[in-house]
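The values are calculated or read from the model by the stated rules, or taken from the named source; none is laboratory data. These numbers were taken from a predicted model, which means no experiment stands behind them. All Cβ positions, glycine included, derive from the backbone under ideal geometry; neighbour counts span all protein chains shown.
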Amino acid sequence: MRMILRRVVAVVVAGCVMAGGAHPGRADAAQPAAAAASGVDLQYVDPAVRAQDDTYRYLNGKWLDSFEIPADKGAYGAFTVVDDATQAQLKHIVDGLGERAQSDVDARKLADLYASFMDEPRLERAGLAPLAPTFAAIAALKDARGIAALVARANRSGFGAPYDIGIRPDPKDSTRYAVSVQQSGLGMPDRDYYLSDDAKLAAVRAKYRQHVEKMLSMAGDRDAKREAEDILALETALARLQWTRVENRDPIKTYNKKSLAELGTLVPGYDWRRYLADEGIAGKVDYLIVRQPSYLEGLAGLIGKTPVAVWREYFRWHALSSAAPYLAKRFVDERFAFTGTTLRGIPENLPRWKRGLALLNGAMGEALGRLYVAEYFPPEHKRRMQALVANLIATYREDIDHLDWMGPQTRVGAQAKLAKLAIKIAYPDTWRDYGALRITRDDLWGNVQRANEFEFRRQTAKLGKPIDRGEWFMSPQTVDAYYNPVMNEIVFPAAILQPPFFDANADDAVNYGGIGAVIGHEISHGFDDSGSQYDADGNLHDWFTAEDHARFKARTEALVAQYDAYESVPGFHVNGRLTLGENIGDNSGLAVAYAAYHRSLAGQAAPVIDGLTGDQRFYLGWVQVWRGKVREALAIELVKTDPHSPPLVRGTAPLKNQPGFYSAFGVNSGDHMYLPPEQRVSIW
């Protein structure tokens, strides 16, 4: 996980063995019934498909053929199901905030923030007035030296700028916080949208220019067409300078420690002193970590040759675009027409109440999470998760000692890293203090800006202080999980601990195939191609031997080739290098979860439930977690930007590398799910 300063604005916008329908390996009818539920959703099984040929379609076929993605979503799958349920729970909490507000300060702020978002008549009356101070500051830009102050304002307030900063432990000295500088400032998702000759991306590019023109025209600009052309040209120039997402995955390449004096040399004439002073960083740091030095070097030249008037247009556009979700309906609708419909193929915006919840999650996530956990998270779920995690850790510990590609010296480092792995489940021990955040019912854009600045100041206040090992970077109501290499920690928010990831009423097999494999996935990030470059204390330090590096690389190169062969959309292949870390996580997590499941059986035979053996339920538990559909436009965006493979690929590719899968379903040569043993990739 790369920790960057949170931006509230960005948040609004998450087998059949035989033909005829028999279940794979159906047990004899004389088998005794099991008390626990299987946890496998069999209602969408396609009886015309054999699990040995396409396990994903076998289990999900009827759903894939009949399900229509809701009009307000770009994709739908297990994560969406759980998130929708969580949103309903959060809505219930928000509807009852009035009763809590009398005695709970955070509840009152949440209620006022939500009310300010839902008050559409007030937003219609306000028009663009909330943006007047920002527009005035941009209009006051007289020369290139003033750009530093505008970038500082943008970084604090949450609108786009050519670069952004983040605060996290220094990757080479994880006992202290450091400031990192990274490329930013594009209005479309990735540099390829500006630079690629692909017809679909070129069409998006043309619509983006039209969108910029329309928004600026709505804001009263008389020469909006020319301004849109200027802005697209400037962003295209920025895109040419930017590093690719594959390059940005390399923690060594992106670690470039620069003194303040060296910053001045890197970007000649740029007012770094003004920038650092405006951000409240001056005097707190004597160096910055520059993630993409050549980008900043190129930016210096771009600042010098781009007219100041164009920079004013650029900042005005990004301020307007970022504020649009919090303005009058015409701005909300036009922004969604591009970011939702053109970019992602989504016909309708989310209901306003869901967008309001997204604002609360972004601005005061832990305050809302505290209420969510108290009402909806049973303590016994945490205890059961702790047992699952402990079993996964024990399995990893054993596996390290038997890996055929890892030598004795590297094993020592791997065991040390595993021993120091921090595990966070459900919610933080200490809740975040929002006392300094001012929220009022009649000032939505002011609330958004103050929330952004509050978070920015919270981050910069870390400088010079001890590392906060208890901090969470996801709220409890987030349906996700993460590994943080500089903290060497895995984190599982409460909301993901729901079916189909975790079913408290189901037999263990499906839970090991679901949340168990997710746990294994996150642990494996500490040992993937990027995470393995960090040691037990979270420092960039090479603890692999050269021989083990070579053996590891041979396996990961084979995994890259496997995933490169998949297409997300015809003509748009999965990028095996961009997705490598997550693909390692899926394959390794599933392998270790399988071993952990068998460890949990303690030598006893697993029950047969719904005609499925324990091993079959385990693998189908994995497949059902990745049941999903994605609209074509969003699928293209994701294949360009997302380090995760598409749902169908995640639910299919890892199975082919698992020896247990072949025995569970009797997969043999000639079956479509079969890979010859020499082509299977086994890392864990």
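Report the residue count in the range 399-431 for those that are charged (D, E, K, R) and either surrounded by fewer than 15 Cβ atoms within 10 Å (Cβ to Cβ) or not assigned by TED's automatic domain parsing to the domain that holds residue 375 (or both). Write out each step before concluding.
Of all residues in the range 399-431, those charged (D, E, K, R) come to 399, 401, 404, 411, 417, 420, 424, 429.
Add one more test, that the residue is either surrounded by fewer than 15 Cβ atoms within 10 Å (Cβ to Cβ) or not assigned by TED's automatic domain parsing to the domain that holds residue 375 (or both), and what stays is 401, 404, 420, 429.
Number satisfying all stated conditions: 4.
Is it the case, given these coordinates, that residue 255 is aromatic (Phe, Trp, Tyr) and part of a loop (DSSP other than H, G, I, E, B)?
yes
Please go through the range 540-557 and pick out each residue that is of a type in the set (A, V, I, L, M, F, W, C) and closer than 21 Å to residue 254 by Cα.
540, 543, 544
Quick check on the range 614-630. Is at least one of its residues part of a loop (DSSP other than H, G, I, E, B), buried (at least 17 other Cβ atoms within 10 Å of the Cβ) and either of a type in the set (Asp, Glu) or within 23 Å of the chain's Cα centre (by Cα) (or both)?
yes
What number of residues within the range 421-463 are among the charged types (D, E, K, R) and part of a loop (DSSP other than H, G, I, E, B)?
The number of residues fulfilling the criteria is 8.
Can you go through 247, 235, 227 and tell me which one is at pLDDT 95 or above and surrounded by fewer than 18 Cβ atoms within 10 Å (Cβ to Cβ)? Write out each step before concluding.
Numbers: 235 fails: surrounded by fewer than 18 Cβ atoms within 10 Å (Cβ to Cβ); 227 fails: surrounded by fewer than 18 Cβ atoms within 10 Å (Cβ to Cβ).
Going through 247, 235, 227 in turn, the sole match is 247.
Return the pairs, sorted by first residue and then second, in which the second residue is buried (at least 19 other Cβ atoms within 10 Å of the Cβ), the first residue lies in the range 526-541 and is in the same structural domain as residue 255 (by TED's automatic domain parsing), the beta carbons are less than 9 Å apart, and the residues are 6+ apart or on different chains.
none
Report, by residue number, each residue of the range 506-549 that is under 21 Å from the mean Cα position of the chain (by Cα), modelled with pLDDT under 95 and not in a helix (DSSP H, G or I).
Passing the criteria: 528, 529, 530.
Quickly run through the range 232-252 and pick out the residues that are assigned to a helix (DSSP H, G or I) and over 21 Å from the mean Cα position of the chain (by Cα).
Across the range 232-252, the qualifying residues are 232, 233, 234, 235, 236, 237, 238, 239, 240, 241.
Take the residues in the range 591-609 that are of a type in the set (A, V, I, L, M) and over 34 Å from the mean Cα position of the chain (by Cα), then tell me which one is nearest to residue 525 (Cα to Cα).
Applying the filter and picking the extreme gives 602.
Please find, within the range 573-590, the residue that is nearest to the chain's Cα centre (by Cα) out of those that are small (Gly, Ala, Ser) and surrounded by fewer than 24 Cβ atoms within 10 Å (Cβ to Cβ).
The first filter runs over the range 573-590 and keeps only residues small (Gly, Ala, Ser), leaving 576, 581, 585, 588-589.
Filter again for surrounded by fewer than 24 Cβ atoms within 10 Å (Cβ to Cβ), leaving 576, 581.
Numbers: 576: 18, 581: 13 Å.
Only one residue tops the list, namely 581.
Starting from residues that are in a loop (DSSP other than H, G, I, E, B) and in contact with a Lys or Arg (Cβ under 9 Å, 6 or more places away or on another chain), keep the ones in the range 258-290 and report whichever is surrounded by the fewest Cβ atoms within 10 Å (Cβ to Cβ).
It comes out as 269.
Please tell me if residue 462 is buried (at least 16 other Cβ atoms within 10 Å of the Cβ), in contact with a Gly (Cβ under 9 Å, 6 or more places away or on another chain) and not aliphatic (A, V, I, L, M).
When the stated conditions are applied, residue 462 does not pass them.
Within the group 426, 374, 394, 422, which residue is farther than 17 Å from residue 518 by Cα and modelled with pLDDT of 95 or more?
Sole residue among the options that is farther than 17 Å from residue 518 by Cα and modelled with pLDDT of 95 or more: 374.
Just the residues that are in contact with a helix residue (DSSP H, G or I) (Cβ under 8 Å, 6 or more places away or on another chain) and either charged (D, E, K, R) or not assigned by TED's automatic domain parsing to the domain that holds residue 371 (or both), please, taken from the range 480-495.
480
Of the numbered conditions (1) of a type in the set (Gly, Ala, Ser); (2) modelled with pLDDT of 95 or more; (3) buried (at least 18 other Cβ atoms within 10 Å of the Cβ), residue 48 fails exactly one; give the number of that condition.
(3)
Given the criterion surrounded by fewer than 20 Cβ atoms within 10 Å (Cβ to Cβ) and of a type in the set (Ser, Thr, Tyr), identify the matching residue among 157, 174, 196. Steps first, answer last, please.
Working: 157 fails: surrounded by fewer than 20 Cβ atoms within 10 Å (Cβ to Cβ); 174 fails: surrounded by fewer than 20 Cβ atoms within 10 Å (Cβ to Cβ).
Just one listed residue meets the conditions, 196.
With the checklist (1) under 20 Å from the mean Cα position of the chain (by Cα); (2) part of a loop (DSSP other than H, G, I, E, B) in hand, flag the one item residue 466 doesn't pass.
For residue 466, the exception is condition (1).
Which pairs have Cβ atoms under 6 Å, sit 6 or more apart or on different chains, and link a residue in the range 356-372 that is more than 17 Å from residue 444 (Cα to Cα) and of a type in the set (Asp, Glu) to one that is surrounded by 22 or more Cβ atoms within 10 Å (Cβ to Cβ) and modelled with pLDDT of 95 or more?
366/475
Could you say whether any residue in the range 551-565 is assigned to a loop (DSSP other than H, G, I, E, B), at pLDDT below 95 and assigned by TED's automatic domain parsing to the domain that holds residue 377?
no
Being in contact with a Ser or Thr (Cβ under 6 Å, 6 or more places away or on another chain) and acidic (Asp, Glu) narrows it down to one residue among 173, 190; which is it? Spell out how you get there, then give the answer.
Values: 173 fails: in contact with a Ser or Thr (Cβ under 6 Å, 6 or more places away or on another chain).
Of the residues listed, the single one that is in contact with a Ser or Thr (Cβ under 6 Å, 6 or more places away or on another chain) and acidic (Asp, Glu) is 190.
Inside the range 523-551, can you point out the residues that are in contact with a helix residue (DSSP H, G or I) (Cβ under 6 Å, 6 or more places away or on another chain) and among the aromatic types (Phe, Trp, Tyr)?
Listed by number, the residues that qualify are 543, 544.
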